[in-house]
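The values are calculated or read from the model by the stated rules, or taken from the named source; none is laboratory data. If you're wondering where the values come from, they're calculated on a predicted model, not measured in any experiment. Note that each Cβ is placed from the backbone with ideal geometry, even for glycine, and that neighbours are counted across all protein chains shown.
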Amino acid sequence: MQTTGYMNEILKELSKAPDLIGDRSAEQLTNRIMEAGKIFTAGAGRSGLMAKSFTMRMMHMGLDAYVVGETVTPNLEEGDLLIISTGSGETKSLVPMAEKAKELGATVAAVTIKPDSTIGKLADIVVELPGSPKHESGEERATIQPMGSLFEQTLLLFYDAVILRYMDKKGLTSDTMFGRHANLE
């Protein structure tokens, strides 16, 4: 298969993703973002990069959003929200973050392939995304892509959809958001 043929297959996989995501949990996440004091995101590897992208968009909307581990990240407090992006739900560096956030009275949201994982069970809100060749239940979730690629791509698109939903609820436009775009580039 040629490169563009693979690209078409990837797009076919991504076009099926929305039907596999629960509207209820997605709406819960959007609503909690609207209520949170501060919003923190965490993830490892490529999932972490998608979380950083999401955090940037939240900042563009004027939200008090931070990436865990950055030098300018403040303390997490009661009433805040921690959103963890994790395919497996078992990433060793992320589990203690979820536990600590719960101890401090924050809401924990997990966006994951595996809702029954350690992080999924700790979370108050769980959004399940497709992403692995074989789901934990043994159900096949066909993907031609290596490793977590389908999850990571779906994660980026899902987070952009959450941004659009938030914008819709708040009456924001891209023009509004450009006022907070970086200008020292």
The one condition residue 13 fails out of (1) at pLDDT 95 or above; (2) more than 24 Å from residue 177 (Cα to Cα); (3) not hydrophobic (A, V, I, L, M, F, W, C) is (1)
Here are 22, 62, 5: which of them is surrounded by fewer than 19 Cβ atoms within 10 Å (Cβ to Cβ), over 28 Å from residue 132 (Cβ atoms) and among the small types (Gly, Ala, Ser)? 62
Residue 43: modelled with pLDDT of 95 or more and crowded, with 16+ Cβ neighbours inside 10 Å, yes or no? yes
What are the residues in segment 1-15 that are in a helix (DSSP H, G or I) and aliphatic (A, V, I, L, M), if any? 7, 10, 11, 14
Being of a type in the set (Lys, Arg) and touching a residue at least 24 places away in the same chain (Cβ under 8 Å): is that true of residue 57 here? yes
Residue that is farthest from the chain's Cα centre (by Cα) [pool: residues in segment 8-19 that are under 19 Å from residue 164 (Cβ atoms) and surrounded by 13 or more Cβ atoms within 10 Å (Cβ to Cβ)]: 14
Just to be sure I understand the filter: pairs with C-beta atoms under 9 Å, separated by 6 or more residues or on different chains, first member in segment 16-36 and part of a helix (DSSP H, G or I), second member of a type in the set (Lys, Arg). Which pairs pass? 20/141; 26/165; 27/165; 30/165; 30/169; 31/169; 34/169; 34/170
